[in-house]
Amino acid sequence: MKPLLEVENLRIAFPSRHGMSEVVRGVSFTLGRERLGIVGESGSGKSQTGRAILGLTPPTGRVTADRLSFDGIDLRGASTATWRKLRGARMSMVMQDPKFSLNPVMTIGRQIMEAVKLHSDGRNARDRALAMLEAVQIRDPERVMAAYPHELSGGMGQRAMIAMMLVTEPDLMIADEPTSALDVTVQIEVLRILDDLVTRRGMSLIFISHDLRLVSTFCDRVLVMYAGRVVEELSASELQSAKHPYTRGLLNCLPSITEDRHPLPTLQRDAAWATEGA
Amino acid sequence: MSTAPAAATGWREWLLTEQPASRRQARLGQSYRTWLAFRRNRLGMVGLGIVLLLVLVAVFADVIATHDPLVGGDLRTERLLPPSLAHFMGTDDQARDIFSRIVHGSRITLMVVALVALIATPIGVLVGTVAGYFGGWIDTALMRVTDVFLAFPKLILALAFVAALGPGIENAIIAIAITSWPPYARLARAETLTVRNAEHIDAIRLQGASSARIIWGHIVPLCLSSVIVRVTLDMAGIILTAAGLGFLGLGAQPPQPEWGAMIASGRRFIIDHWWMATMPGAAIFVVSLGFNFLGDGLRDVLDPKAHR
Amino acid sequence: MALLDIENLEVTFRGKRTVRALRGVSMAIEEGESFGIVGESGSGKSTVLRAVCGLVPVTGGTIRLDGKPLPTPRDAAFYRRVQMVFQDPYASLHPRHTVDRVLSEPLAIHGFSDREKRVERALEEVGLGTGFRFRYPHQLSGGQRQRVAIARALILEPKIILLDEPTSALDASIQAEVLNLLERLRRERGLTFVLVSHDLAVVAHMCERLVVMQHGEVVEALTREALRAKKAEKPYTQNLMTASEGFVRAGAPLPETGRSS
């Protein structure tokens, strides 16, 4: 079966004082109808990879790839018209903090309905928006439709964002740290909703996070990124038998309630990790 | 401590090092980086060039001027001559060389600009930061005082000063300075309100710092960027106000070659002898433009957000 | 007698809306121990620390240090005994001051004489070499900035360190290094820690005793052993413990959170 997304040798570079410096250096992977997690720390290039797939790299950045295609459509150098047909309708993105990713001067209802009208005939936009808000388990959708983003709690705002991104029923959803800004009890609720929706609609999902454990429980496959490269790729169930020292280091360095390790094992960074191939 | 290396590349490395070894090296390194960032802005460099030219012309006025600015030539043959090789910008109705008058007038312009900036800026920053930091009735009182001064139109106040103290460039400067500081106070207050609740201010409060130390050492440095940009952009307006006062006869008194006064006296001759009013007008235009470009360039470089 | 005794602390913010941030919070911190305060956003956990420092006004209850109520405003002697490490390493250092200035200013305020030596020693203790001394914060990584913040908190040689989510903004690997550093410093100097965090694992790792807060009140007090044995009485604490275990995919039994949000 043809993969939905094909990425080969993706490279993203930004201008710096010493010329162009690459933040993503040769990332390759394919994505079918599955959930892929991309894990890394800050500076690993995971967010930039997600943005490049949607063509959201800042204009000063340079994106090159041997292959970057979505459902057979070549994304490299795609025209604005092509992007408009793809973004929102076939692929969408949920970002970290609803305080910053939702338009603060538009009501939630208007934002969701705008998404509907842009990518479909716009009939029954209001009903579809309400239905979507109910699907993300917002108990009083009418109130939330009329509310502004700053009037909602973090968890509600994130659910509204998910509703907005899913109302057009895209094939691919990219979630960039969708729960990092939320309290831990709220995180579980939001993840449960996301899990449910993704399964029911048969969507593909790319879950970008710094939390290796969370990603491994949520996704089927995990890519571990370090310094712009993929250092390990494994299926989520095999996390404990990870081979690369960076992955093992990441797993071991987290404090846990049950274990008593003083001092915590720390990551001994090897310069070789930044240069070896994926 | 680091020693000063001989080669030019050595200087660059010393300034741009990631491990500065002294306070001086760190501060100079920061200034150098700011300069490198500023240099990339071409219009800003043009503005800087114009301002530097103004300074040089003012300093070396005696050398650059071709004739005496105050004493005219032969009133029968040398009045109102058009621009020529002998008189680059022509002569005025008193047979004085306009070019030399403009060159010497640059001193007056520079003096006005520098003194207004030096008087108005500290007052504005002090009032603004104190009001913003303490809040409450201090804030209200200071801001109402600021509003009072903001309400004064510069020219009317200058008229009042002149009526009280007599005409002259010094009184004009005081009048302009007194009406210039309120916007800086507002700006400094706005910046202070943003910064006041930052964690680094909490941290220094927790070390037991007094309010004076916090305002002077921690808040003022963060306000300075915006204020400097604003002052530079205001320079153009200040020059025009001084020119306006000169035009009304309230600023520099004849025979001082103040550019605004020159335009005023050239007004009557503008149809047949355009150079008398146009040359000083062009000088004002160029210098104002220079300050505007410089201010824009500084804003791009000093914007605190860009430092992140 | 407890070193730091908080009794029925109330903090109410009066403004456009009246916010009761703390409603009768009590806890007692013994000398030399590491005490944790866990809660989610809006629980008031950071407000407790800020009230102790005098950064927010106290509208009820008492805070006692060594049995004596704290003077308002706090005095120099207080700042020599109690210091705080803040959460956001990007906001807790002044952007225009070098590391050297950040560390030597408190020494200057309190009249220490051998500032050079103390600054260098402080930098070494937190694992930063003297090459960092004249850098500006934007030339440091998040972990390095937090080390500077820790050095700043320690430079006046206090006895009690208040830590407001000190590692929340750091990557996991850096968090491990900073937590290890904090533990080592506490051991070497015999410090008392009050650690606030939303992360139960961090608190369980660092603290022997802890309290759980919600909506400005203390819900439950626990020891580390009770936490490990999952012996919590209140349902909120149990929810928190379950949620901290992570996400469980559909098919497996889901936690009942009992909160509408």
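The values are calculated or read from the model by the stated rules, or taken from the named source; none is laboratory data. None of the values given here were measured: they were computed from a predicted structure. Every residue, glycine among them, receives a Cβ derived from its backbone with ideal geometry; neighbour counts consider all protein chains shown.
The set of residues in region C:29-42 being modelled with pLDDT of 90 or more and either assigned to a loop (DSSP other than H, G, I, E, B) or of a type in the set (D, E) (or both) consists of C:E30, C:E31, C:G32, C:E33.
Is it true that some residue in region B:66-74 is out of contact with any helix residue (DSSP H, G or I) (no Cβ under 7 Å at 6 or more places or on another chain), buried (at least 17 other Cβ atoms within 10 Å of the Cβ) and in a loop (DSSP other than H, G, I, E, B)? Checking region B:66-74: at least one residue is out of contact with any helix residue (DSSP H, G or I) (no Cβ under 7 Å at 6 or more places or on another chain), buried (at least 17 other Cβ atoms within 10 Å of the Cβ) and in a loop (DSSP other than H, G, I, E, B).
Which is of a type outside the set (A, V, I, L, M) and away from chain C (no Cβ under 14 Å), of B:G208, B:G244?
On the way: B:G208 fails: away from chain C (no Cβ under 14 Å).
Result of the check over B:G208, B:G244: B:G244.
Among the residues of region B:203-229, those identified as crowded, with 18+ Cβ neighbours inside 10 Å and either on the phi > 0 side of the Ramachandran plot or of a type in the set (D, E, K, R) (or both) are B:R205, B:G208.
Yes/no per residue for (1) assigned to a loop (DSSP other than H, G, I, E, B); (2) more than 12 Å from chain A (Cβ to nearest Cβ); (3) among the charged types (D, E, K, R):
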position	(1), (2), (3)
C:A201	no, no, no
C:H205	no, no, no
C:L210	no, no, no
C:M213	no, yes, no
C:L222	no, no, no
C:E225	no, no, yes
C:A232	yes, no, no
C:Y236	no, no, no
C:M241	no, no, no
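For region B:241-267, a residue qualifies if it is surrounded by fewer than 17 Cβ atoms within 10 Å (Cβ to Cβ) and without any contact (Cβ under 8 Å) to a residue 60 or more places away in the chain, and the qualifying residues are B:P254, B:R267.
Scan region B:75-99 for residues that are in contact (Cβ under 8 Å) with a residue 40 or more places away in the chain and not in a loop (DSSP other than H, G, I, E, B) and the total you get is 2.
Within region B:187-210, identify whether any single residue is more than 27 Å from C:L162 (Cβ to Cβ) and either of a type in the set (F, W, Y) or within 18 Å of the chain's Cα centre (by Cα) (or both), and answer yes or no. Yes; the residues of region B:187-210 include at least one that is more than 27 Å from C:L162 (Cβ to Cβ) and either of a type in the set (F, W, Y) or within 18 Å of the chain's Cα centre (by Cα) (or both). Restricting attention to region C:102-129, the residues that are hydroxyl-bearing (S, T, Y) and surrounded by fewer than 14 Cβ atoms within 10 Å (Cβ to Cβ) total 1. Residues in region C:170-187: is at least one in a loop (DSSP other than H, G, I, E, B), modelled with pLDDT under 95 and either more than 9 Å from every other protein chain (Cβ to nearest Cβ) or surrounded by 20 or more Cβ atoms within 10 Å (Cβ to Cβ) (or both)? Yes, region C:170-187 contains a residue that is in a loop (DSSP other than H, G, I, E, B), modelled with pLDDT under 95 and either more than 9 Å from every other protein chain (Cβ to nearest Cβ) or surrounded by 20 or more Cβ atoms within 10 Å (Cβ to Cβ) (or both).
Okay, residues lined up against (1) modelled with pLDDT under 90; (2) acidic (D, E); (3) loosely packed, with under 15 Cβ neighbours inside 10 Å:
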| site | (1), (2), (3) |
| --- | --- |
| A:R17 | yes, no, yes |
| A:S47 | no, no, no |
| A:G61 | no, no, no |
| A:I73 | no, no, yes |
| A:S101 | yes, no, no |
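The set of residues in region A:184-213 that are without any contact (Cβ under 8 Å) to a residue 12 or more places away in the chain and of a type in the set (A, V, I, L, M) comprises A:V184, A:I188. Note on region B:24-47: residues that are surrounded by fewer than 15 Cβ atoms within 10 Å (Cβ to Cβ) and among the aromatic types (F, W, Y) total 1.
Check whether at least one residue in region A:7-25 is of a type in the set (V, I, T) and in contact with a Pro (Cβ under 6 Å, 6 or more places away or on another chain), and report yes or no. It would help to see each step written out before you state the result.
We begin by selecting, within region A:7-25, every residue of a type in the set (V, I, T); these are A:7, A:12, A:23-24.
If we keep only those that are in contact with a Pro (Cβ under 6 Å, 6 or more places away or on another chain) too, we end up with none.
No: region A:7-25 contains no residue that is of a type in the set (V, I, T) and in contact with a Pro (Cβ under 6 Å, 6 or more places away or on another chain).
Take B:G124 and decide whether it is over 21 Å from the mean Cα position of the chain (by Cα) and more than 28 Å from B:I270 (Cα to Cα). Taking the combined requirement at face value, the residue does not satisfy it. For region A:169-187, the tally of residues that are facing another protein chain (nearest Cβ under 10 Å) and outside any helix (DSSP H, G or I) stands at 4.
Checked against (1) crowded, with 18+ Cβ neighbours inside 10 Å; (2) at positive phi, B:L80 meets all criteria but (1).
Filtered by the rule that a residue be crowded, with 16+ Cβ neighbours inside 10 Å and under 15 Å from C:M206 (Cβ atoms), region A:249-278 gives A:C253, A:L254, A:P255, A:S256, A:I257, A:L264. Residues in region C:89-122 that are at the interface with chain B (Cβ under 8 Å from one of its Cβ atoms) and farther than 23 Å from C:P166 by Cα: C:I109, C:H110. Total residues in region A:10-59 satisfying the condition of being in a strand (DSSP E or B) and touching a residue at least 40 places away in the same chain (Cβ under 8 Å): the figure is 21.
Only one of the numbered conditions (1) part of a helix (DSSP H, G or I); (2) out of contact with any strand residue (DSSP E or B) (no Cβ under 6 Å at 6 or more places or on another chain); (3) under 26 Å from C:V178 (Cα atoms) is violated by A:Q268, and that is (1). Scanning region C:123-132 for residues that are within 12 Å of chain B (Cβ to nearest Cβ) and either in contact with a Leu (Cβ under 6 Å, 6 or more places away or on another chain) or part of a helix (DSSP H, G or I) (or both) gives C:T130, C:G131, C:F132. When C:L195, C:L156 are checked against the criterion of being farther than 17 Å from B:I201 by Cα, assigned to a loop (DSSP other than H, G, I, E, B) and not hydroxyl-bearing (S, T, Y), C:L156 stands alone in meeting it. Exactly one residue among C:V25, C:V38 is hydrophobic (A, V, I, L, M, F, W, C), within 13 Å of the chain's Cα centre (by Cα) and surrounded by 24 or more Cβ atoms within 10 Å (Cβ to Cβ), and that residue is C:V38. One residue stands out among those in region A:234-243 that are outside any helix (DSSP H, G or I) and surrounded by 17 or more Cβ atoms within 10 Å (Cβ to Cβ): the one that is farthest from the other protein chains (Cβ to nearest Cβ), which is A:L234.
Filter region A:188-223 for residues that are part of a helix (DSSP H, G or I), facing chain C (nearest Cβ under 7 Å) and of a type outside the set (F, W, Y) and give the result. Of everything in region A:188-223, those that are part of a helix (DSSP H, G or I), facing chain C (nearest Cβ under 7 Å) and of a type outside the set (F, W, Y) turn out to be A:I188, A:E189, A:L191, A:R192, A:D195, A:D196, A:T199, A:R213, A:L214, A:T217.
Of the residues B:P182, B:P167, the single one that is away from every other protein chain (no Cβ under 14 Å) and crowded, with 21+ Cβ neighbours inside 10 Å is B:P182. Beta carbons closer than 7 Å, at least 6 apart along the sequence or on distinct chains, pair a first residue in region B:218-235 that is closer than 10 Å to B:E191 by Cα and more than 13 Å from chain C (Cβ to nearest Cβ) with a second that is of a type in the set (S, T, Y) and in a helix (DSSP H, G or I) for B:V227/B:T121; B:V227/B:Y184. Pairs meeting the criteria (first residue in region B:189-212 and in a helix (DSSP H, G or I), second residue aromatic (F, W, Y) and modelled with pLDDT of 90 or more, beta carbons under 8 Å, at least 6 apart or on different chains) are B:T192/B:Y133; B:E199/C:F86; B:D202/C:F86; B:A203/C:F86; B:L206/C:Y79; B:S211/B:Y133; B:S211/B:F134.
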